[in-house]
Amino acid sequence: MPKIPHRLYLTEDQMPRQWYNLRADMPEQPDPMLNPATGKPVTEEDLYPIFCKELAHQEMDATTRYIDIPEGILAEYMIYRPSPLIRAYNLEKALDTPAKIYYKYEGNNTSGSHKLNSAIAQAYYAKQQGIHHLTTETGAGQWGTALAEACAYFGLQLDVFQVKCSYEQKPFRKAIMEVFDANVIPSPSTTTEAGRKILAENPNTTGSLGCAISEAVEKAVTSESCRYVLGSVLNQVLLHQSIIGLEAKKAMEVLDEYPDIIIGCAGGGSNLGGLIAPFMQDKLTGKADPRIVAVEPASCPSLTRGRYAYDFCDTGKVTPMARMYTLGAGFIPSANHAGGLRYHGMSPILSKLYHDGYMEATSVKQTGVFEAAVYFAKKETILPAPESAHAIRAAMDEAIRCRESGEAKTILFGLTGTGYFDMTAYSAYRAGSMSDYVPTDEELAQAFSTLPKIPGVQE
Ligand SMILES: *Cc1c(COP(=O)(O)O)cnc(C)c1O
């Protein structure tokens, strides 16, 4: 019998009661967000029309290291947290590797992903401020689902702009959001000025997260008692997601383990930023030196092929500009890309850490991702979300390298969600009709040409 159990759940007493704000330990801060109208750094007050006050504060707060999780949020976290830390014994055996593989599984709640961790927090603070109505965008649908659940719980009205190709490919995602009373609109739509403009320029567009964000922000700022919320990229979202890493680190402590390599998939960076937070703290403060690896799709390679530049967070250019690794707000990934992680940019915090050499990034092609997903599912009995399977691919590749080198490394990766709503993609993979798409340098150059010109900052 193995000494270490297959899965470890912390007790409720061991659960973190505070989030950890990684910025407090960063030697250098990400560059400030800029107001597109003035070119000046955004202030907390500038954000009040878009975000509720406490979230605007969290967005700008780079100094408070630990932030108490309010009781009202903990009460909902306790329904589905702590999430398990699982030792992938069966996968290790199948790969015949001396490596120890652990994964933190966030797919055990009804929304099916880690996104609920931030959805609950954002809905809670909106409710506290007396806001009645929220708007958001969703790509694959996980964020919209998580937020619909959180809004139903706190009694808030919700409009979700869903990227059109996902809306069409994943009808059940829409159905779940509607069960929780969300109003789901395919984006780009004719219900907003931004959507009408995008459609006029490109009537056949399958949509992008960037387009959907423009629509959701416009709707929020033009509606009464309404705010916009975002499921990734933002500093506040990484803060809320630190619960993943804090639990994982604690559970590893209980097992007397510490990872040599930490791997996560990266779309906008929220699960990765959350998972790595306390380990990155150790790295930044010189306590430990784990390798930290972001895994992104080859079809949407913001860290590995993007520019570190100021860019809009949306296609319609209504949001503040952030300095991040980006493919250009005009970049629209190939519609044949089924694996999620379609955002053109990356969390400014992670972008800065990557730029300064504290973490690595790699990209993987989708057929390799689905191959890993199916292999993993057969050994570990969890059907992973395609997004999560990017991390599985990279973790398996590391474990295979350990087999070749004979090193018994300890690997921790984030398994962010379930794949039950991605069966069209799984079927395409099984039927052999899935292909890989990698944008050419010319296509990327085209998208980079849409980067904003900011006098004195970025010409
Ligand atoms: C949204 C999502 C991701 C990617 O978003 P990040 O903000 O980069 O974490 C990854 N996995 C799942 C299951 C998701 O729903």
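Here, each number is a calculation from the coordinates, and none is a lab measurement. As the structure is a prediction and not an experimental result, all values here were calculated from the model. Positions of Cβ are generated from backbone atoms using ideal geometry, with glycine treated the same way; all protein chains shown enter the neighbour counts.
Counting pairwise Cα distances across the stretch 132-183, what percent come out greater than 16 angstrom?
The answer is 26 percent, as a whole percent.
From zero up to wherever the largest Cα-Cα distance of the stretch 284-353 sits, split into 10 Å bins and tell me the percent of pairs in each.
Each 10 Å bin holds this share of Cα pairs: 20, 45, 25, 9, 1.
Please list 3J(HN,Hα) in residue order for the stretch 50-65, calculated via the Karplus relation 6.51 cos²θ - 1.76 cosθ + 1.60 where θ = phi - 60°; whole Hz, with x for glycine and proline.
Values, residue by residue: 9, 10, 5, 4, 4, 6, 4, 5, 4, 4, 8, 7, 9, 10, 6, 6 Hz.
Take the Cα atoms of the chain, find their three principal axes, and give me the spread along each one in whole Å, biggest first.
Each principal axis gives a Cα extent; for the chain these are 62, 48, 48 Å.
What do you get for Rg/Rh of the stretch 136-241 when both radii come from the Cα atoms and Rh is the Kirkwood radius?
Dividing the radius of gyration by the Kirkwood radius yields 0.96.
May I ask you to evaluate 6.51 cos²θ - 1.76 cosθ + 1.60, the Karplus curve with θ = phi - 60°, for each residue of the stretch 317-330 and list the ³J(HN,Hα) values in order in whole Hz, giving x for glycine and proline?
Using θ = phi - 60°, the values come out as 6, 9, 8, x, 9, 10, 8, 7, 6, 8, 9, x, 4, x Hz.
As a footprinting exposure proxy, order HIS344, HIS355 by other Cβ within 10 Å, with the fewest listed first.
Taking fewest neighbouring Cβ atoms as first place, the list is HIS355, HIS344.
If you take the C-alpha gyration tensor of the stretch 301-399, multiply each eigenvalue by 5 and take the square root, what semi-axes do you get, largest first, in whole Å?
Over the Cα atoms of the stretch 301-399, the semi-axes work out to 28, 16, 10 Å.
Can you give me the angle between helix 142-154 and the longest principal axis of the chain, using Cα atoms only, in degrees from 0 to 90, rounded to the nearest 10?
Helix 142-154 sits roughly 80 degrees off the main axis of the chain.
If packing is taken as the average count of other Cβ atoms within 10 Å, what order do 415-422, 215-222 fall into, highest mean first?
415-422, 215-222
In Å, what Kirkwood hydrodynamic radius results for the stretch 159-216 from the alpha-carbon pair distances?
About 11.3 Å, per the Kirkwood formula over Cα pairs.
Ranked from highest to lowest mean number of other Cβ atoms within 10 Å per residue, what is the order of the peptides 390-398, 57-65, 163-171, 271-279?
Ranked by mean Cβ neighbours within 10 Å, highest first: 271-279, 390-398, 163-171, 57-65.
Which percentage, to the nearest 5, of the DSSP beta bridges contained in the chain is antiparallel?
Among the beta bridges of the chain, antiparallel pairing accounts for roughly 35 percent.
Mind scanning LYS174/LYS378; LYS164/LYS378; LYS174/LYS249; LYS250/LYS352; LYS104/LYS164; LYS100/LYS378 and naming the pairs with a C-alpha gap bigger than 24 Å?
Beyond 24 Å: LYS174/LYS378; LYS164/LYS378; LYS174/LYS249; LYS250/LYS352; LYS104/LYS164.
What do you get for the angle between helix 71-80 and the principal long axis of the chain? Use alpha-carbon atoms, 0 to 90 degrees, nearest ten.
50
Which aspartates and glutamates does LYS197 reach when only Cα atoms under 19 Å apart count, and residues fewer than 8 places away in its own chain are ignored?
GLU137, GLU215, GLU218, ASP314
Run down the lysines and flag those whose C-alpha is under 20 Å from the C-alpha of LYS53, throwing out any fewer than 8 positions away in its chain.
LYS127, LYS219
By count of other Cβ within 10 Å, fewest leading, how are LYS197, LYS174, LYS93 ordered?
LYS93, LYS197, LYS174
In debye to the nearest 20, how big a dipole does the chain give about its Cα centre with +1 on each Lys and Arg Cβ and -1 on each Asp and Glu Cβ?
Magnitude of the dipole: close to 680 debye.
With θ set to phi - 60°, apply the Karplus curve 6.51 cos²θ - 1.76 cosθ + 1.60 along the stretch 404-418 and write out the HN-Hα couplings as whole Hz, x wherever there is a Gly or Pro.
6, 8, x, 7, 9, 6, 9, 10, 10, 10, x, 9, 7, x, 8
Convex hull over the Cα atoms of the stretch 97-160, averaged projected area in nm²?
Averaged projected hull area, Cα only: 5.5 nm².
What span do the alpha-carbon atoms of the stretch 1-106 cover on each of the three principal axes, reported in whole Å from largest to smallest?
The Cα atoms of the stretch 1-106 stretch 63, 33, 23 Å along their principal axes.
Using the count of nearby Cβ atoms within 10 Å as a rough guide to exposure, how do PHE312, PHE154 rank from fewest to most?
So the residues, fewest neighbours to most, are PHE154, PHE312.
Quote the Stokes-Einstein diffusion coefficient, in whole µm² s⁻¹, for the stretch 325-459, based on the Kirkwood radius over alpha carbon pairs, a temperature of 25 °C and a viscosity of 0.890 mPa s.
144
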